[in-house]
Amino acid sequence: MEKIVALCKRRGFIFQSSEIYGGLNGAWDYGPLGVELKRNLKDYWWKSMTQLRDDIVGFDGSILMNAAVWKASGHVDTFSDPLVECKLTNKRYRADQIEPQSGTAYYYSGISIPAFVGDPSTANMPPLGGADIFKFSVEPKKIELQFAVLVPIGKPEASAQKIARQFYVSKGYIESQIISLNLQKTEIVENSTAFNPENGAQLSEPRVFNLMLKTYIGPVQDESAVTYLRPETAQAMFVQFKNVLDVSQKKLPFGIAQIGKAFRNEINPRNFTFRSREFEQMELEFFVKPGTGPEWLNKWLEERLAWYEAIGIPRAKIHVLTVPDKDRAFYSQGTYDLEYEFPFGIQELEGIAHRGNYDLKQHQEASGKPLEYFDEESKTKYLAEVVEPSAGVDRTVLALLCEGYDEETVKDEESGKEETRVVLRFCPRMAPIKASVFPLLKNKPELVAIAKDIYKTLQPLLKVTYADTAAIGRRYRRADEIGTPFGITVDFETLEGAKEASTSATGTPIAAGQKDTVTLRHRDTMKQERIAIADLPAYLLTKIA
Ligand code: GAP
């Protein structure tokens, strides 16, 4: 992961948001290459949903919506995570993500301090000096302040005491004045989530933490002006169901697709862009006849697995989790999570949920506006059920980077020395740059002129770059590192004719002496073959479609 994060910064895929100010936790910026990669991903999802299918239409809703939407959708009351706080560091964690641990727990009721010392927790600090210095003989004062520490079995109590002392010092007591820690009890605990795995300190009781980011609309910042940045893009598609249905004249089953930003005040953003506070979703709300939700849920599961293969994430790397009842979102009757083997563990890329008619029903009731579908065949009105494949843009970009990253030892084409080649093996469809055009030498005007010509011809068709600095081997390496699948080199054979007869990349023969051909270098195999300049556009376009 460290290597991928470093490459992302070095080559301009992803930067920390507000970096020069120390960053902002849970927010990321996409650099010149990252934005191309992300755009290719979104474009392909959009094309798969709205162009290659007849039963889905596109949509782009606003991020800010009437607060009543979030009340009716259930997000105000239920869109929350359980939060716990480390009593020592005050760091916050999601209770359900705490690794269970076993060990010996030491429970302290508090500490004893010299009687003349004030209690900082009550701000009752008698002035030192004067009469106080004569109070040494007085019994120590007991301070009641509960704390507990978990240490692995076999470790001495001293390691628990060390943490406990830090805790009491953090509450304002002076280390050298702590006469004793008052141990209440010890206990062997198993699989407990009541202690911080990082330091063994006791965690607070879990409390409910709503994940929506609150904001105010308009100049008056009172409760009536409160709304939220959307935590999912889905709700606008439910709320506009009737309008979209009327204008698109679709019949069930049909879907509404949307790509856009969503915001969640995640307790613990982590794993690079994987869990962020601002992220993008690609969501499809697929409306189906009542009773057919489970069948469509399975159809969409297959569709989505095939889609990931088409962007270069193999089926074998995706795990399908049937989400257990207790872990499902409040709106779901059945969910599959598609999980990818990230370097930091197997984690969710996309959720495919059978939302039933939960959302349409909630909004119909709360708004008083009918959201039913009129079925021409049966002449009946009913609420449609919804199956929702909801994918994360940022998580899929991260999966593409992780899947693509590779290192191998190769011989440098010029010096013959062994070196490490870093390569991002993106499938051409996703690659930020599709091809790079190189004149073999910068100081040969004939080579440069043809290379520039090829570059200008390809530029309107696909994302292509031109590079003439550094030795050709170095230029290839730089292109490999950013995942450019094709290198096009204008060399002396282009001017003087092919040295020998060969078969071109397109399968057609190239005769010895044939001019106007270039070297086509393949990123993954480093194989080089010749191709006629005139064949380049058609060849490249079929590879990236
Ligand atoms: N409308 C359904 C919905 O929002 P979800 O499982 O909460 O369902 C869908 O989110 C997808 O959005 C996830 O599978 C994930 O890819 C992405 N996602 C959710 N929270 C995220 C976060 N904090 N950072 C990055 N991506 C996130």
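The values are calculated or read from the model by the stated rules, or taken from the named source; none is laboratory data. Please read all numbers here as calculations on a predicted model, not as lab measurements. All Cβ positions, even for glycine, are placed from backbone atoms using ideal geometry, and neighbour counts span all protein chains on display. Each accessible area value is taken on the protein alone, full model and side chains, heavy atoms only, with ligands, DNA and RNA left out. Shrake-Rupley method; radii C 1.70, N 1.55, O 1.52, S 1.80 Å.
See the values below:
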| quantity | calculated |
| --- | --- |
| Condition broken by SER180, with the remaining ones in (1) surrounded by fewer than 18 Cβ atoms within 10 Å (Cβ to Cβ); (2) within 16 Å of the ligand (Cβ to nearest atom) satisfied | (2) |
| Residue in region 206-229 that is touching a residue at least 40 places away in the same chain (Cβ under 8 Å) and out of contact with any strand residue (DSSP E or B) (no Cβ under 7 Å at 6 or more places or on another chain) present | no |
| Counted residues, region 10-52 - those being open to solvent by 50 Å² or more (accessible area, probe 1.4 Å), over 25 Å from TYR308 (Cβ atoms) and under 16 Å from the mean Cα position of the chain (by Cα) | 5 |
| Given (1) within 25 Å of the chain's Cα centre (by Cα); (2) farther than 14 Å from ALA95 by Cα, number of the condition VAL189 does not satisfy | (1) |
| Selection count, region 393-411, where residues are away from the ligand (no atom under 11 Å from the Cβ), touching a residue at least 24 places away in the same chain (Cβ under 8 Å) and under 23 Å from the mean Cα position of the chain (by Cα) | 6 |
| Residue list for region 275-320, restricted to those being without any contact (Cβ under 8 Å) to a residue 24 or more places away in the chain and either surrounded by 21 or more Cβ atoms within 10 Å (Cβ to Cβ) or in contact with a strand residue (DSSP E or B) (Cβ under 7 Å, 6 or more places away or on another chain) (or both) | VAL320 |
| Residue check, LYS417 away from the ligand (no atom under 16 Å from the Cβ) and either modelled with pLDDT of 95 or more or under 19 Å from PHE238 (Cβ atoms) (or both) | no |
| Contacts under 7 angstrom Cβ, first residue in region 72-91 being farther than 17 Å from PHE263 by Cβ, partner of a type in the set (S, T, N, Q) and assigned to a strand (DSSP E or B), 6 or more apart | LYS87/GLN202 |
| Unmet criterion (only one of (1) at pLDDT 95 or above; (2) in contact with a strand residue (DSSP E or B) (Cβ under 6 Å, 6 or more places away or on another chain)) for LYS142 | (1) |
| Residue match in region 369-390 (condition: more than 27 Å from LEU284 (Cβ to Cβ), in contact with a Leu (Cβ under 7 Å, 6 or more places away or on another chain) and at pLDDT 95 or above) | no |
| In region 224-278, the residues that are within 16 Å of the ligand (Cβ to nearest atom), over 23 Å from the mean Cα position of the chain (by Cα) and among the aromatic types (Phe, Trp, Tyr) | PHE238, PHE241 |
| When residues of region 360-392 are limited to those that are touching a Lys or Arg at 6+ places or on another chain (Cβ under 6 Å) and touching a residue at least 24 places away in the same chain (Cβ under 8 Å), the one nearest to the ligand (Cβ to nearest atom) | GLU388 |
| Qualifying position, being of a type outside the set (A, V, I, L, M), more than 30 Å from SER102 (Cα to Cα) and surrounded by 15 or more Cβ atoms within 10 Å (Cβ to Cβ), among PRO269, PRO253, PRO206, PRO219 | PRO253 |
| Unmet criterion (only one of (1) at positive phi; (2) outside any strand (DSSP E or B); (3) surrounded by 18 or more Cβ atoms within 10 Å (Cβ to Cβ)) for ASN90 | (3) |
| Residue list for region 176-196, filter: in a loop (DSSP other than H, G, I, E, B) and of a type in the set (Gly, Ala, Ser) | ALA194 |
| Some residue of region 444-463 being within 16 Å of the ligand (Cβ to nearest atom), among the β-branched types (Val, Ile, Thr) and touching a helix residue (DSSP H, G or I) at 6+ places or on another chain (Cβ under 7 Å) | no |
| Some residue of region 435-444 being among the basic types (Lys, Arg), in contact with a strand residue (DSSP E or B) (Cβ under 6 Å, 6 or more places away or on another chain) and modelled with pLDDT of 95 or more | no |
